[in-house]
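Here is the structure we will look at, set down as structure tokens.
Only the coordinates and a few stated rules stand behind these numbers; no lab work does. Small disclaimer: the values here were computed from a predicted structure and weren't measured. Here the Cβ positions follow ideal geometry from the backbone for every residue, glycine too, while neighbour counts run over all protein chains shown.
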Amino acid sequence: MESVITEYIDALIKFTEKNPKQNAFYRWLKENGKLFKSSDRDMEAEETILSDMQKRGIAIRPKFCFYNSQIASIFLRSGRKLEYYEGYYVSKIPIALEHGFLVIHGKREKLVDLTSFVAGVEVDEYFGVAIPHDYISSQIAKTSTARAILARYFYDKIYPLQSGVIEEVI
């Protein structure tokens, strides 16, 4: 059985068939995204990262998932294989909502969701794509804020290569 999120992305792919640019985004998302279950969450790591952020004077707030996760990925990546992911999550109500979260790479990938942790939200599944640290930093520097950047990343970095607008330089 497919997940609620991948079924949602499939519906978006079908819905955007007449808009090649949007359709390319959802196809790329489905092909490059990773699905995580609630069992992939590491609550101990969430507590540790939350404590590290508080020591730096950075508050983790409910409903600020993009900010919480992007800032943590930038300030705490040293010594950790911590990566920012953006995509969707589904809680008890089976509706896919846009979300930012972290993944720690190691023997087993562990998901860290600071926002759901501080809000006390139970999440059933996550689906997202890793966004490079340098891109996150450049967007925060450009806009002076941390916000949803997945579509912007795709249209800035991926779509031009797919559409032949520019050639990749190796």
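Any idea which of Ile95, Gln70, Val129 is furthest toward the positive side of the dipole for the stretch 36-149, if Lys and Arg beta-carbons carry +1 and Asp and Glu beta-carbons -1?
It is Gln70, whose Cα lies furthest towards the positive end.
In the chain, with Lys and Arg counted as +1 and Asp and Glu as -1 at Cβ, which of these residues, Ile140, Ile104, Ile158, has the Cα nearest the positive end of the dipole, that is, farthest along it?
Positive-most Cα among the choices belongs to Ile140.
Given points 7 Å out from each Cα along the Cα-Cβ axis, report the Arg152 to Ser138 separation in nanometres with one decimal.
With each label placed 7 Å out from Cα toward Cβ, I get 1.2 nm.
Considering amide H positions built from the backbone, and no H for Pro or chain starts, which residues 5 or more places from Ser91, or on another chain, come under 5 Å of its amide H?
So Ser91 has HN proximity to Asp124.
Which cross-chain or sequence-distant (5 or more) residues have an amide H under 5 Å from the amide H of Ala96, H modelled 1.01 Å from N in plane?
Sorted by chain and number, the residues that satisfy this come to none at all.
I want to verify the translational diffusion coefficient of the stretch 36-149 in µm²/s; compute it with Stokes-Einstein, Rh as the Kirkwood radius over Cα pairs, at 37 °C and 0.692 mPa s. Could the numbers behind the result be given before it?
Working: Rh = 13.9 Å.
Estimated via Stokes-Einstein, D reaches 235 µm²/s.
Would you mind ranking Leu50, Leu82 by Cβ crowding within 10 Å, fewest neighbours first?
Values: Leu50 19, Leu82 22.
Going from sparsest to densest Cβ surroundings: Leu50, Leu82.
Any lysines with Cα under 29 Å of the Lys18 Cα? List them, leaving off those in the same chain fewer than 8 positions away.
List returned: Lys30, Lys34, Lys157.
State the extension gain, in nm to one decimal, for the chain segment bounded by Asp10 and Ala119, taking 0.36 nm per residue of separation less the distance between their alpha-carbons. The partial results should precede the final answer.
Working: separation 109, 0.36 × 109 = 39.24 nm, distance 2.93 nm.
Extra length from Asp10 to Ala119 when fully extended: 36.3 nm.
Roughly how many debye, to the nearest 20, is the charge dipole of the chain about its Cα centre, given +1 on each Lys and Arg Cβ, -1 on each Asp and Glu Cβ, and no other charges? Write down the numbers at each step before the final one.
Numbers: 23 positive and 23 negative charges, 83 e Å.
Once rounded to the nearest 20, the dipole reads 400 debye.
Please report how many Lys pairs in the stretch 36-149 have alpha carbons closer than 19 angstrom, counting only residues at least 8 apart along the chain or sitting on separate chains.
On the way: Lys37/Lys92; Lys37/Lys107; Lys37/Lys110; Lys63/Lys92; Lys81/Lys107; Lys81/Lys110.
Step by step, the pairs that qualify in the stretch 36-149 add up to 6.
On a full-extension model of 0.36 nm per residue, what is the gain between Glu2 and Ile104, subtracting their alpha-carbon distance, rounded to one decimal in nm? Could you put the intermediate results ahead of the total?
Numbers: separation 102, 0.36 × 102 = 36.72 nm, distance 2.44 nm.
Separation in residues times 0.36 nm, less the Cα-Cα distance, equals 34.3 nm.
Provide Thr115, Thr6, Thr48 in ascending order of the number of other Cβ atoms located within 10 Å of each residue's Cβ, fewest first. It would help to have the intermediate numbers written out before the result.
Details: Thr115 23, Thr6 17, Thr48 14.
The most exposed by this proxy come first: Thr48, Thr6, Thr115.
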